[in-house]
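Following: one structure in structure tokens, then a few remarks.
The values are calculated or read from the model by the stated rules, or taken from the named source; none is laboratory data. Predicted model only: the values in this text are computed from it and were never measured. Note: ideal-geometry Cβ built from the backbone for every residue, glycine included; neighbour counts use all protein chains shown. Side chains are part of the model used for accessible areas, which takes the heavy atoms of the whole protein and leaves out ligands, DNA and RNA. Shrake-Rupley method; radii C 1.70, N 1.55, O 1.52, S 1.80 Å.
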Amino acid sequence: MTELMRVNRDLKDLRKYENDLNNHLDTIHAIVMSNNDLNFKIRVLHDIIGLNLREVAEELDMSYDYIRHVSAEMNEKN
């Protein structure tokens with residue numbers, strides 16, 4: 001019985017941790033979307049959040065080809 005209580009407590013802690021992570025992701029998303037710099041948005045969504053370029057294009061409501069082009073230009077500059 002003690003083992004079951006420990007598992008339940010661990011699950012509760014993990015759910016709280018998951019909720020905290022989701023809140024942080026929502027905050028990051030809001031900051032990114034409020035920024036007007038397209039390069040910043042692409043860099044954060046792709047490199048930090050981990051979206052692929054198709055997902056970035058969907059998130060920004062832009063064409064995949066355009067996002068791919070901008071991303072390639074950013075990579076050339078670095």
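Could you tell me which of the residues I42, I67, I49, I28 is of a type outside the set (F, W, Y), in contact with a Ser or Thr (Cβ under 6 Å, 6 or more places away or on another chain) and open to solvent by less than 80 Å² (accessible area, probe 1.4 Å)?
Going through I42, I67, I49, I28 in turn, the sole match is I42.
Under the condition of being acidic (D, E) and assigned to a helix (DSSP H, G or I), which residue from segment 57-78 is modelled with the lowest pLDDT?
E76
I need the full set of residues from segment 1-56 which are assigned to a loop (DSSP other than H, G, I, E, B) and of a type in the set (A, V, I, L, M, F, W, C), in order please.
Residues satisfying the conditions are M1, I49, L51.
Kindly evaluate E18 against the criterion of being of a type in the set (D, E), at pLDDT 95 or above and out of contact with any Cys (no Cβ under 7 Å at 6 or more places or on another chain).
yes
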